[in-house]
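Scroll down for the structure; my scribbles are underneath it.
The values are calculated or read from the model by the stated rules, or taken from the named source; none is laboratory data. Please read all numbers here as calculations on a predicted model, not as lab measurements. Backbone-built Cβ (ideal geometry, glycine too); neighbour counts: all protein chains shown. With ligands, DNA and RNA removed, areas are computed over all heavy atoms of the protein, side chains included. Shrake-Rupley method; radii C 1.70, N 1.55, O 1.52, S 1.80 Å.
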Amino acid sequence: MSLAVVILAAGQGTRMRSDVPKVLHPLAGESMLSYVIDVARQLEPEQINIVYGFEGEKLKEKFDSSDITWSHQSEQLGTGHALAQAMPSVSKNSEILVMCGDTPLITLQSIKALFHKKYNEQVTLLTSVVEDPKNYGRIIRNNSGSIESIIEERDATESEKLIKEVNTGIMRLPANGLKGWLKKIDINNKQKEFYLTDVVSLAVKDGYQVNGVILDDESEALGINDRYDLAIAERIIQSRNASMLLDFGATLIDPDRFDLRGELTIGKDVVIDVNAIFEGNVILKDRVKIGPNVVIRNSQLGNDCQVLENSVLDGVTAGNNCIIGPFARLRPDSYLENNVKVGNFVEIKKSNISSKSKINHLSYIGDTIVGEKVNIGAGTVTCNYDGDKKHQTTIGDDVFIGSGTMLVAPIEVGKSATIAAGSTITKNAPADQLTLARGKQVTIKSWKRPKKKN
Ligand code: UD1
Ligand code: CA
């Protein structure tokens, strides 16, 4: 039987109090819907059908792909009504897996449990026994333990509210039965909505067996309805990320203060201090040490590199044994060869720093090629921008740039040259020699400092 996964994602998410559709809110840097689509794709279904509605064009734009069918729900009349919008594009002989766009923590493994062959041609719900069942639909079982219906929180009696087994919103159903049941559901409930959950009792009436597969890990069931849920889900994903890194052999000084929004690949004996944030694609080779409060985005650091506290790296490729920070900012296209030192309050952009060179304090290096064993003094600025274009600076091997030097690009400093501190260099400086470009020091003997009268 062919499988169609239908993802319900048309709701506004009123409780989020947002202009952004709920399912587009990010978790660990990715919208929550993308997690659900990922799991759906791994099931390799015939069809992935997303029911969209509120600000739905934004969803279509973001997830536009040939393997997704879109069903529009123009008015959000409930989950049953939402699923009904997808039915015309689902073949009668297929089976349907319903997922919710606002339940992103569910794992592939848990969903697969619904596809055991003993559940074929029946109705099977993924349920969860939770500590706090508030706001979820309760699973009503009869005396012999089989499922009879689902009662929503607002329609539940006080004793039904005590039930801790809840509906995760994920269910596997045969399309031919479902088409009939969806036609029968009504809005005779507290929310005046077409509840998808009402198909359960209709299936039972039609003689179907309704099974409940209980999740092992209740955190997977978390449906995100408000910003509290979103914050909790974020921490769950981050603690999953942290566990994975610990398994791979990283030291996390505090796994509760670690954030990964993308992919992090690590070598051996990597140490990550508190409040580090990794975004995009980051690779840390063996023995890399990341200090506290560091942000690293789309970067790769070689063996034994150290990033000291409060540094921001974006688009950096570093060789082995570099020391960066504290308080360094490295912007896209910064390439550091081996044994480079970049110190505090140094900004680097689109530059190549060759091995054993040092830029230790308070400098801006942009559009620059720096040779090997160069020492760049404190407060050096490559003046790369003339208000219109960016210009290149080239600094040869073994150059010594004195503190407070302005290098007005385009400019070249020859191999082994020395630039005197405080120079403003506007012409190429020759190799091996000392170049000075600064005003002469004078002392005015008769000068008196003005004094305040009283
Ligand atoms: C729903 C279930 C509840 C379950 C819970 C799990 C129903 C009636 N209730 O409740 O039993 O415990 O999920 O998280 O099904 N949606 C639409 N169109 C609509 C309404 C909703 O597409 O008209 C989508 C939403 O975008 C969301 C999903 O359906 O992704 C669930 O809707 P929501 O309103 O959050 O349902 P809950 O009240 O959480
Ligand atoms: Ca929900």
Worksheet entry | So residue 243, is it in a helix (DSSP H, G or I), open to solvent by 20 Å² or more (accessible area, probe 1.4 Å) and in the same structural domain as residue 83 (by TED's automatic domain parsing) | no
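Here is a yes/no grid of residues against (1) over 16 Å from residue 8 (Cα atoms); (2) modelled with pLDDT of 95 or more; (3) of a type in the set (Phe, Trp, Tyr):
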| residue | (1), (2), (3) |
| --- | --- |
| 55 | no, no, no |
| 101 | no, yes, no |
| 143 | yes, no, no |
| 148 | yes, yes, no |
Item to complete: Give the number of residues within segment 113-135 that are within 20 Å of residue 202 (Cβ to Cβ) and either open to solvent by 30 Å² or more (accessible area, probe 1.4 Å) or not hydroxyl-bearing (Ser, Thr, Tyr) (or both).
Response: 8
Response to the item:
Residues in segment 213-233 that are surrounded by fewer than 19 Cβ atoms within 10 Å (Cβ to Cβ) and away from ligand 2 (no atom under 16 Å from the Cβ) total 3
Fill in: Meets criteria (within 16 Å of ligand 1 (Cβ to nearest atom), at pLDDT 95 or above, closer than 20 Å to residue 132 by Cβ and of a type in the set (Val, Ile, Thr)) for residue 237
no
Worksheet item: Just checking, which of 47, 42, 76 is touching a Phe, Trp or Tyr at 6+ places or on another chain (Cβ under 7 Å) and open to solvent by 10 Å² or more (accessible area, probe 1.4 Å)?
Response: 76
Worksheet item: With (1) within 16 Å of ligand 2 (Cβ to nearest atom); (2) on the phi < 0 side of the Ramachandran plot; (3) not hydroxyl-bearing (Ser, Thr, Tyr) as the list, and residue 78 as the residue in question, which single condition is left unmet?
Response: (2)
Item to complete: For segment 148-206, name all the residues that are free of Cβ contacts under 8 Å to residues at least 40 places away in the same chain and aromatic (Phe, Trp, Tyr).
Response: 181
Worksheet item: Would a scan of segment 162-169 turn up a residue that is away from ligand 1 (no atom under 14 Å from the Cβ), assigned by TED's automatic domain parsing to the domain that holds residue 21, of a type in the set (A, V, I, L, M, F, W, C) and surrounded by fewer than 20 Cβ atoms within 10 Å (Cβ to Cβ)?
Response: yes
Worksheet item: Do we have any residue at all in segment 246-260 that's outside any strand (DSSP E or B), within 18 Å of residue 326 (Cα to Cα) and not aliphatic (A, V, I, L, M)?
Response: no
Item to complete: Return a yes/no flag: does segment 125-134 have any residue that is assigned to a strand (DSSP E or B), among the basic types (Lys, Arg) and within 16 Å of ligand 2 (Cβ to nearest atom).
Response: no
Discussion item. So, in segment 86-112, exactly how many residues are crowded, with 21+ Cβ neighbours inside 10 Å and either aliphatic (A, V, I, L, M) or more than 31 Å from the chain's Cα centre (by Cα) (or both)?
Written reply: 10
